[in-house]
Amino acid sequence: MSILSICQYIDSTATSTAFRESLYVFPIVEGTHVVSLAISVGLIIWFDLRLAGLILTKQPVSAVFRPIRPFMLIGFGVMFITGGILFWGLALRCYGSPFFWAKMIMLILAGINISVYHLTIDRRRAEWDDQPIPPLQARIAGFASLILWALIITVGRMMAYFL
Amino acid sequence: MWDYIYPFFGWAEQSWLGHAIRESKWVFAITEVLHLFGLTVLIGTTLLLALRLLGWALQERPARELARELTPWVYTALTTVLTTGILLFVSEAVKCWRNPAFRYKMLFLFLALIFQFTVLRVLSRSDEERFPALTRALTGIVAVVLWFGVAVAGRAIAFF
């Protein structure tokens, strides 16, 4: 079963059609997607900038990360769910959009980046938690996350614009 | 009142800048992306400051210091959203004039800017003891709600 046939199937479902043709549901889901994006990415930038050693350097890394994590996760959760609904309603159009594929690739890269960070350098965080400038690998992870999220926003907006 | 200022919207749309942005699909799209970047950072700084005022984050640090450290980010983000916002506006000023979401956005923007530079500024830069915890918490919440209002109404412009 190819990805195209899966997208064709999703697109042909009654829920997908209903969503596409709805007057209010689509704008509400889209609006929620953008607001949850602002919450999650708006908060993750402080953690990334702290990892990069650019801001809040007087606080330990964990003191910046711990309190914002729950809000960030809620934002991400809502963003993923609304993003999934948007895809369900526009599966075929997403399939044909190069921006959609670019966005998926960058989301995967962001996932790999955060996994590598948590599985390696973050395991030894106790050693560098207080340092104003974290070790190079952590700085790279911070910068990579900032760049990837900026790109995800860019291609996401382009996707909506050219869809 | 809205009718009286219509000529301004017509003039903006007919300006060379309006033409220039409108005629290039890419310039418009890129301006919109930068607008979204600015908004994300702006909402990010507001959220972080609000979490501090609510007493939920960065408690070891006086709010005054945090507010000062975030100030350049706020100004950079504000400059970005306002500049790109004006560019987007002149490219479709007449459409904005007819758009109910645009009117709400301008209302929220007006309130958010006033709140940002009066209440939020004074409160976040004063000593913790000067204002009760509830006042500080409410200030953070109002700031977040106002900027979210701008974002939601802004997104809604495209739906009318």
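Would a scan of the stretch A:137-146 turn up a residue that is basic (Lys, Arg) and at pLDDT 95 or above? Yes, because at least one residue in the stretch A:137-146 is basic (Lys, Arg) and at pLDDT 95 or above.
Screening B:Asn99 against (1) buried (at least 18 other Cβ atoms within 10 Å of the Cβ); (2) more than 14 Å from chain A (Cβ to nearest Cβ); (3) modelled with pLDDT under 95 leaves a single unmet condition, (2). Cβ separations smaller than 7 Å between residues 6+ apart or across chains give the following pairs from the stretch A:147-162 residues that are closer than 14 Å to A:Leu37 by Cα to residues that are buried (at least 20 other Cβ atoms within 10 Å of the Cβ) and hydroxyl-bearing (Ser, Thr, Tyr): A:Ile153/B:Thr40. Determine whether the stretch B:58-80 contains at least one residue that is farther than 18 Å from A:Trp46 by Cα, open to solvent by less than 10 Å² (accessible area, probe 1.4 Å) and out of contact with any Leu (no Cβ under 9 Å at 6 or more places or on another chain). Checking the stretch B:58-80: not a single residue is farther than 18 Å from A:Trp46 by Cα, open to solvent by less than 10 Å² (accessible area, probe 1.4 Å) and out of contact with any Leu (no Cβ under 9 Å at 6 or more places or on another chain). Counting only residues that are open to solvent by less than 40 Å² (accessible area, probe 1.4 Å) and within 14 Å of another protein chain (Cβ to nearest Cβ), the stretch B:123-147 holds 5 of them.
Taking the stretch A:88-117 as the range and being in contact (Cβ under 8 Å) with a residue 12 or more places away in the chain, over 26 Å from A:Ala141 (Cβ atoms) and open to solvent by 50 Å² or more (accessible area, probe 1.4 Å) as the test, the residues that pass are A:Trp88, A:Leu92, A:Arg93, A:Tyr95.
When we screen A:Gly142, A:Gly156 for residues that are of a type outside the set (A, V, I, L, M) and in contact with a Lys or Arg (Cβ under 6 Å, 6 or more places away or on another chain), the only hit is A:Gly156.
Checking B:Ala20, B:Ala77, B:Ala67, B:Ala57 one by one, the residue that is within 20 Å of A:Thr57 (Cα to Cα) and either more than 10 Å from chain A (Cβ to nearest Cβ) or modelled with pLDDT of 95 or more (or both) is B:Ala67 and no other. Among the residues of the stretch A:141-160, is there at least one that is over 30 Å from A:Ser2 (Cα atoms), open to solvent by 40 Å² or more (accessible area, probe 1.4 Å) and more than 13 Å from every other protein chain (Cβ to nearest Cβ)? Yes.
Here B:Trp2, B:Trp26 are screened, and the one residue that is within 14 Å of chain A (Cβ to nearest Cβ) and either assigned to a loop (DSSP other than H, G, I, E, B) or modelled with pLDDT under 90 (or both) is B:Trp26. On the basis of being open to solvent by 30 Å² or more (accessible area, probe 1.4 Å), part of a helix (DSSP H, G or I), hydroxyl-bearing (Ser, Thr, Tyr) and within 10 Å of chain B (Cβ to nearest Cβ), does A:Thr57 make the cut? The answer is no for A:Thr57. Can you say whether B:Leu36 is farther than 30 Å from B:Glu128 by Cβ and within 12 Å of chain A (Cβ to nearest Cβ), as far as the supplied structure shows? Judged against the criteria, B:Leu36 is a match. Of the helices (runs of 4 or more DSSP H) entirely within the stretch B:52-121, those holding at least 2 residues that are over 18 Å from the mean Cα position of the chain (by Cα) occupy B:63-91, B:93-98.
B:Leu87 meets all of the listed conditions (1) without any contact (Cβ under 8 Å) to a residue 12 or more places away in the chain; (2) farther than 30 Å from A:Met72 by Cβ; (3) surrounded by 18 or more Cβ atoms within 10 Å (Cβ to Cβ) but one, namely (1).
The values are calculated or read from the model by the stated rules, or taken from the named source; none is laboratory data. Predicted model only: the values in this text are computed from it and were never measured. Cβ sites come from the backbone with ideal geometry, for glycine too, and all protein chains shown count toward neighbours. SASA here: full protein model, heavy atoms, side chains in, ligands and nucleic acids out. Shrake-Rupley method; radii C 1.70, N 1.55, O 1.52, S 1.80 Å.
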